[in-house]
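Here is the structure we will look at, set down as structure tokens.
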Amino acid sequence: MWLHNERFQRLGGGFGERLFIGILSFIELAMMSGHKEREVVRLVRRVRRERRFLLTGFEAFHVYSFARSCNQMDGDFVEVGCYEGGSARLLCEVLGNRSLHLFDTFEGLPKSTEKDRSVYSKSEKKNKKQYACSLESVQTYLKDYKNVSYYKGIFPDSAAPVENMKFSFVHMDVDLYESTKACLEFFYPRMIPGGIMLSHDYSMLAGVKSAFFEFLENKPEKLVELSTTQCFVVKS
Ligand SMILES: C[S@@+](CC[C@H](N)C(=O)[O-])C[C@H]1O[C@@H](n2cnc3c(N)ncnc32)[C@H](O)[C@@H]1O
């Protein structure tokens, strides 16, 4: 789809990108309101109003629905790449008694590499970090949810506090090859059987796709691509 390519990503989280995602979400949410649970559609609409949110309506629904399908399993929830906390808010709503671990630089995207095909070179040249939002802002937004922990810094350098934990659901929304690779390498061995790793931007960003392709080459699990930009893997 024309929207799901790297040229679109170069709009860079600014007005243009948000306008496109906003229009698409408006249509998708209207389509869903006829046959999905009203509360879930309302929740996604509310998050869209409250935060700069980079998931379309269908993508946001997938995050909510996949996480909800894991909430009877043992193991915590994780998100790497939370920006303003929009998708994290969806996870909070289905968390129950388990914990949610949120990882981000809270200063925007780290440097991209060749594998990312210079998607972010424009903002890097301007020395401007893309998708920066402070830790305090996200903490304030999610202040009503109790079992949420925050880890500031470049993942996986920030991962030491959770290295002995097990996870049932991981949401990756990190845009870059190195970041996606680091998430897969760290979380895959820590997933409980049946746990799900869901990623945004698989079909849109070359670096994300390469990281999955390389990582799964010698693994028994198969990647499932969704009709949105997302993909997921179920740990066997
Ligand atoms: C597209 S935004 C996430 C959007 C968000 N999920 C939402 O709901 O709108 C990408 C985020 O990934 C973060 N990020 C990318 N690579 C990272 C890494 N290695 N460590 C920590 N944060 C990273 C960036 O700081 C940025 O906030």
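Looking at segment 184-205, is at least one residue in contact with a strand residue (DSSP E or B) (Cβ under 6 Å, 6 or more places away or on another chain), assigned to a helix (DSSP H, G or I) and buried (at least 18 other Cβ atoms within 10 Å of the Cβ)? Give the steps one after another, and end with the answer.
We begin by selecting, within segment 184-205, every residue in contact with a strand residue (DSSP E or B) (Cβ under 6 Å, 6 or more places away or on another chain); these are 187, 190-192, 195-199, 202.
Retained after the next criterion (residues that are assigned to a helix (DSSP H, G or I)): 187, 190.
Filter once more, so that each one left must be buried (at least 18 other Cβ atoms within 10 Å of the Cβ): 187, 190.
Yes, some residue in segment 184-205 is in contact with a strand residue (DSSP E or B) (Cβ under 6 Å, 6 or more places away or on another chain), assigned to a helix (DSSP H, G or I) and buried (at least 18 other Cβ atoms within 10 Å of the Cβ).
Has segment 199-215 got at least one residue that is within 16 Å of the ligand (Cβ to nearest atom), within 13 Å of the chain's Cα centre (by Cα), modelled with pLDDT of 95 or more and charged (D, E, K, R)?
yes
Within segment 62-71, is there a residue that is closer than 27 Å to Ala159 by Cα and at pLDDT below 95?
Checked segment 62-71: at least one residue is closer than 27 Å to Ala159 by Cα and at pLDDT below 95.
Whether any residue in segment 214-228 is within 22 Å of Arg68 (Cβ to Cβ), in contact with a helix residue (DSSP H, G or I) (Cβ under 7 Å, 6 or more places away or on another chain), in a loop (DSSP other than H, G, I, E, B) and among the polar types (S, T, N, Q) is what I want to check.
yes
Cβ-Cβ under 6 Å, sequence separation 6+ or interchain: first residue in segment 45-61 and farther than 13 Å from Ser227 by Cα and touching a residue at least 12 places away in the same chain (Cβ under 8 Å), partner within 11 Å of the ligand (Cβ to nearest atom) and not in a helix (DSSP H, G or I). Which pairs?
Val47/Phe53; Arg51/Glu84; Arg52/Glu84
Going by the conditions given, is Tyr131 within 11 Å of the ligand (Cβ to nearest atom) and within 22 Å of Phe53 (Cβ to Cβ)?
Yes: the conditions hold for Tyr131.
Those residues that are β-branched (Val, Ile, Thr) and away from the ligand (no atom under 12 Å from the Cβ), I need them from segment 37-76; list them, please.
Result: Val40, Val41.
The values are calculated or read from the model by the stated rules, or taken from the named source; none is laboratory data. Please read all numbers here as calculations on a predicted model, not as lab measurements. Glycine also receives a Cβ, built like all others from the backbone with ideal geometry; neighbour counts cover every protein chain displayed.
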